[in-house]
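A short reminder: the numbers here are calculations on the coordinates, not readings from a lab. Fair warning: this is a prediction, and the values are worked out from it, not measured in the lab. Counting neighbours? That spans all protein chains shown, and the Cβs are built from the backbone with ideal geometry, glycine included.
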Amino acid sequence: MRVQRRIRADFDAATIVVYQAYSQAVAGAALEAGRFVAPFSFTRMTWIKPSFLWLMHRSNWGHKPGQERVLAVRIIRAGWELALSEAVLTTPEPSVHGSAAAWRTAFAGARVHVQWDPERSLRGTPLNHYSIQVGIGRALIRTFADDWVVGLADLTPTVHAIAGLVRAGQSARAQRLLPPERPYPLEPAIARRIQADV
C-alpha cells in the first residue's frame with residue numbers, strides 16, 4: 001500500500017503559506033523590500049514547502065549555513081494551483097507518464113517539479129505520511145516573485161523559540177507555537193498529476 005501523500009498547509013480562501021530558509025543577505029533584502037529582490041536568485045529553481053516541520057528538518061531549525069533566516073511566504077492560491085497543474089514529479093510514475101522516456105522528456109521541459117518526502121515530527125523523526133515540496137523553475141520564478149507573493153514574514157525568532165522548547169523537553173509548549181496546517185483541497189486532475197491523496 002502506498003504511503004499517504006497529502007498537502008497540509010496554512011491557507012485561506014485566496015492565499016497559502018509556504019516556507020523557505022535563506023541566508024541573512026537574501027532574507028534581509030526581501031523583508032526590507034516586501035518581495036524577493038537581489039541577491040535572491042532569479043536564475044535557478046527555488047523550492048517552496050507548505051510543511052513547516054519539513055523545512056525545520058531541512059534547515060536544522062535555521063542553523064544550517066545559508067539557511068539561517070526562515071520566511072513564511074504567502075502566495076496566491078491561483079499561482080500555487082497553476083504550479084501544481086504544470087508540475088512533473090521528480091520520479092517517473094507509470095500511471096501519469098506512461099513510459100520512463102516520456103517522463104524524462106516531460107521532466108526536462110517542466111517549469112515546475114514536485115517531490116514527496118517523509119513528513120517530520122517535532123524532533124525530526126520521519127512520519128508515516130509524505131509532505132510535498134514544489135520546485136519553481138527559472139521560466140516561472142519571476143512570476144512567482146512578482147505576481148504570486150503577497151506577503152513575507154520572518155519566522156526566525158519563533159523557529160528558535162520552538163527549537164529551544166523541544167531541546168528542553170517541552171514538546172507540548174512547542175507544539176502550540178507551530179503554524180496551523182490542515183488538508184488542502186485539490187482538483188482531481190491536479191491530484192492525479194502530482195499523485196496526491198485527497
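The table for this structure:
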quantity	calculated
Any pair with Cβ under 9 angstrom, 6 or more apart, that starts in segment 60-73 at a residue that is in contact (Cβ under 8 Å) with a residue 12 or more places away in the chain and over 15 Å from Gly151 (Cβ atoms) and ends at one that is aliphatic (A, V, I, L, M) and part of a loop (DSSP other than H, G, I, E, B)	Gly62/Leu155; Arg69/Leu155
Odd one out for Trp103 among (1) within 18 Å of Gln20 (Cα to Cα); (2) touching a His at 6+ places or on another chain (Cβ under 6 Å)	(1)
Pair list, Cβ < 7 Å and 6+ apart or interchain, from segment 168-195 residues that are more than 18 Å from Leu84 (Cα to Cα) to residues that are polar (S, T, N, Q) and not in a loop (DSSP other than H, G, I, E, B)	Leu177/Thr158
Ile194 vs. criteria closer than 27 Å to Gln4 by Cα and surrounded by 14 or more Cβ atoms within 10 Å (Cβ to Cβ)	yes
Per-region count, segment 122-146, residues loosely packed, with under 14 Cβ neighbours inside 10 Å and in contact (Cβ under 8 Å) with a residue 40 or more places away in the chain	5
Residues located in segment 91-137, provided they are within 29 Å of Gly169 (Cα to Cα), in contact with a strand residue (DSSP E or B) (Cβ under 7 Å, 6 or more places away or on another chain) and outside any strand (DSSP E or B)	Ser121
Lys64, sole failed condition from (1) among the charged types (D, E, K, R); (2) in contact with a helix residue (DSSP H, G or I) (Cβ under 7 Å, 6 or more places away or on another chain); (3) loosely packed, with under 15 Cβ neighbours inside 10 Å	(2)
